[in-house]
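Participant: The following block contains the structure, expressed as structure tokens.
The values are calculated or read from the model by the stated rules, or taken from the named source; none is laboratory data. Everything quoted here is computed from the prediction, not taken from an experiment. Cβ: placed from backbone, ideal geometry, glycine included. Neighbour counts: every protein chain shown.
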Amino acid sequence: MQLPFFQVGIGAGALQGLGARKEGAIAKLYATEAAFEIAHEALQVHGGIGYTKDLPVERYFRDARFIMIGGGTSEIMRYIIQREVYGGCLGK
Ligand SMILES: Cc1cc2nc3c(=O)[nH]c(=O)nc-3n(C[C@H](O)[C@H](O)[C@H](O)COP(=O)(O)OP(=O)(O)OC[C@H]3O[C@@H](n4cnc5c(N)ncnc54)[C@H](O)[C@@H]3O)c2cc1C
């Protein structure tokens, strides 16, 4: 399996003791929003039955929505990314 670029970036940064706030936030934002998009599509493909508890799809959908909130919301991930990118330019 090929590692996404941010996963490699986090590993390299952490090993060098540089920290990896930006990479971590990018990874969390990307993975959680991708999971939601996939779960959303899966529910749509299953139609009405996908919305019921007869199938696990509704649970995947709810869980995917929650991980965009828990552990730092998507808005906060975007805030961290912009701070890490522009903070240096503005002299923090
Ligand atoms: C079922 C469940 C389990 C949980 N388990 C845990 C756990 O095990 N450990 C733990 O630590 N926490 C846990 N939490 C808490 C979770 O981490 C918080 O709900 C999450 O961090 C969001 O905080 P909040 O709910 O206070 O929302 P708020 O901080 O009130 O935010 C509300 C909305 O405003 C947005 N917002 C807030 N500030 C800004 C800003 N500066 N700029 C732009 N938008 C902003 C947010 O993105 C969000 O959309 C859990 C929550 C739930 C519902």
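Participant: Would it be correct to say that Ala42 is modelled with pLDDT under 65, surrounded by 12 or more Cβ atoms within 10 Å (Cβ to Cβ) and part of a helix (DSSP H, G or I)? Write out each step before concluding.
Facilitator: Details: modelled with pLDDT under 65: no; surrounded by 12 or more Cβ atoms within 10 Å (Cβ to Cβ): yes; part of a helix (DSSP H, G or I): yes.
No; evaluated as a whole, the condition is false for this residue.
Participant: Kindly indicate the residue of the stretch 65-92 that is away from the ligand (no atom under 16 Å from the Cβ) and of a type outside the set (A, V, I, L, M, F, W, C) and also surrounded by the fewest Cβ atoms within 10 Å (Cβ to Cβ) among those meeting that condition.
Facilitator: Per the criteria, the residue is Gly91.
Participant: Further question on the same structure: Can you report the number of residues in the stretch 52-64 which are surrounded by fewer than 14 Cβ atoms within 10 Å (Cβ to Cβ) and in a helix (DSSP H, G or I)? So that I can check it myself, show each step before the final result.
Facilitator: Within the stretch 52-64, the subset surrounded by fewer than 14 Cβ atoms within 10 Å (Cβ to Cβ) is 52-54, 56, 59, 62.
Restricting the remaining residues to those that are in a helix (DSSP H, G or I) gives 59, 62.
Residues that pass the stated criteria total 2.
Participant: Using beta carbons and a limit of 6 Å, which pairs, at least six apart or on different chains, have the first residue in the stretch 65-84 and part of a loop (DSSP other than H, G, I, E, B) and the second one within 8 Å of the ligand (Cβ to nearest atom)?
Facilitator: From the stretch 65-84, the pairs are Met68/Ser74.
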